[in-house]
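**Q** One structure is given below, represented as C-alpha cells, and several questions about it will come after.
The values are calculated or read from the model by the stated rules, or taken from the named source; none is laboratory data. Quantities reported herein were computed from a predicted structural model and do not represent experimental measurements. Quick reminder, even Gly has a Cβ in these numbers, built from the backbone with ideal geometry, and neighbours come from all protein chains shown.
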Ligand code: UT7
C-alpha cells in the first residue's frame, strides 16, 4: 500500500504585505525583491495562531477527502513556529478538529517539514499501521523574523497547507529520498528560548531568524537537483514522464536553476511565491492545494515534490496523483 492524497486544504491570513510596504520598514525596493526572489507580496498573521491556521487548512482537506475528524488515526504536523512549547500544535489541532482517535505528533524539519511528514505518513501506511493520516505544514514565520533585517524579512510569509492521506495500491507515493546535514545548520538559524535561570548572570535575548542567503541558495540548487536526479534514476524515469514539479517556494531563481539543470520547461514548475513568499513547511501543501483545486493536478499525473531548508534538510518525493 502507498500513501495517496485524498484531499487538500490551505489557509492564508487575510493581511497582505507588499514589497512597497516593506520598503517603509527597511532599505529595500520592489524591483530588488522581485528580481532577486520573484516575491511581490506575502500574507502575515495579525491574530491567527499557528493552530488556527492549521485547523482551517485541515478542515478544508477533510471536507474534500470526505473523511471525518473521528476517522483520523494520526496527525503529523510540521512547523518551526508552534504556539507553545507544550502542548504541541499537533495536539492543539487534534483538539480543534475533535480528532479524538488520532495520535498527534509534531515534526521540525524547517522548509522540508511537509515533505518529511508526508514520508513519515508513507512509512506508517506501508507498514500497515494506519490508513487515514492528516499531514499539515504550517508556519507563522512573522513572529520569528527580524523585521529590521532586509536580508530575511522580505522573504517570509505565514500560512498553512494540509493533506488527508489514505492507502492505495496503484497510486500515491512511489518513492522518496530525504537527507539531513546538521553540520551545516548554522547557515539558517533561529534560537529557541535562551538559557535563563537563577544560576547564571549573563544577559539573554530571544533570537530571530538569521541566514547566510548565498550558502543556502547554493545548497538548495545542488541538493534539490541531485535528489530529483536520484529519484528519476532509481525509478527508471526520464523527465518526459513527469507532469509537474512542486518545489518548496523559497526563491524563483532556485526553481529556475533546478529546471535548467533538468532541461525542463518552466511550465512544469508552478509557483505561488509571487503572492505567498516563502512559507517554509507550509509552501508545498499550499501550492498542492491550489493545483488540486484548480484541476491542474489530475488522477494519474506523475508529480515530484521537493523540500529544502534549515537543518540543513532536503528531500524529494515521486508520487502518482
Ligand atoms: O526556505 C529556506 C531556504 N532559504 C532560501 O532558499 C534562501 C536562499 N537565498 C536566497 O534566496 C538569496 O540568497 C537572497 C534572496 C536571500 C539574497 O539574494 P542574493 O542575490 O544572494 O543577494 P546578496 O545577499 O548577495 O546581496 C546582494 C546585495 C548586497 O549588497 P552589496 O553588498 O552588493 O552592496 C546586499 O546588502 O543586495 C543587498 N541586499 C538588498 N538590497 C535591497 C540584501 N537584501 C536586500 C534587500 N533590498 N532586501
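**Q** In the stretch 78-98, is there at least one residue being part of a strand (DSSP E or B), crowded, with 20+ Cβ neighbours inside 10 Å and touching a residue at least 12 places away in the same chain (Cβ under 8 Å)?
**A** yes
**Q** Still on this structure, I have one more. Of everything in the stretch 163-192 that's farther than 27 Å from residue 18 by Cα and part of a helix (DSSP H, G or I), which residue is farthest from the chain's Cα centre (by Cα)?
**A** This residue is 183.
**Q** To continue, here is another question. Considering only residues of the stretch 204-224 that are surrounded by fewer than 19 Cβ atoms within 10 Å (Cβ to Cβ) and assigned to a helix (DSSP H, G or I), which is farthest from the ligand (Cβ to nearest atom)?
**A** 222
**Q** A further question on this structure: For residue 44, which of the numbered conditions (1) over 30 Å from residue 172 (Cβ atoms); (2) more than 16 Å from the ligand (Cβ to nearest atom); (3) surrounded by fewer than 19 Cβ atoms within 10 Å (Cβ to Cβ); (4) in contact (Cβ under 8 Å) with a residue 12 or more places away in the chain fails to hold?
**A** The number of the failed condition is (3).
**Q** Let me ask something additional. Being within 16 Å of the ligand (Cβ to nearest atom) and in contact with a strand residue (DSSP E or B) (Cβ under 9 Å, 6 or more places away or on another chain) narrows it down to one of 89, 18, 50, 28, so name that one.
**A** None of the others qualify; the one that does is 18.
**Q** Given the criteria in contact with a helix residue (DSSP H, G or I) (Cβ under 9 Å, 6 or more places away or on another chain) and either in a strand (DSSP E or B) or modelled with pLDDT of 95 or more (or both), does residue 160 qualify?
**A** Details: in contact with a helix residue (DSSP H, G or I) (Cβ under 9 Å, 6 or more places away or on another chain): yes; either in a strand (DSSP E or B) or modelled with pLDDT of 95 or more (or both): yes.
Yes, satisfied.
**Q** Only one residue in 137, 151 is outside the structural domain of residue 304 (by TED's automatic domain parsing) and assigned to a strand (DSSP E or B), so which one is that? Spell out the reasoning first.
**A** Working: 151 fails: assigned to a strand (DSSP E or B).
Answer to the check: 137.
**Q** Over 20 Å from the mean Cα position of the chain (by Cα) and either within 16 Å of the ligand (Cβ to nearest atom) or within 25 Å of residue 151 (Cα to Cα) (or both), is that true of residue 198?
**A** no
**Q** Next question. With the condition kept exactly as written, say whether any residue in the stretch 48-66 is surrounded by fewer than 23 Cβ atoms within 10 Å (Cβ to Cβ), free of Cβ contacts under 8 Å to residues at least 60 places away in the same chain and part of a loop (DSSP other than H, G, I, E, B).
**A** no
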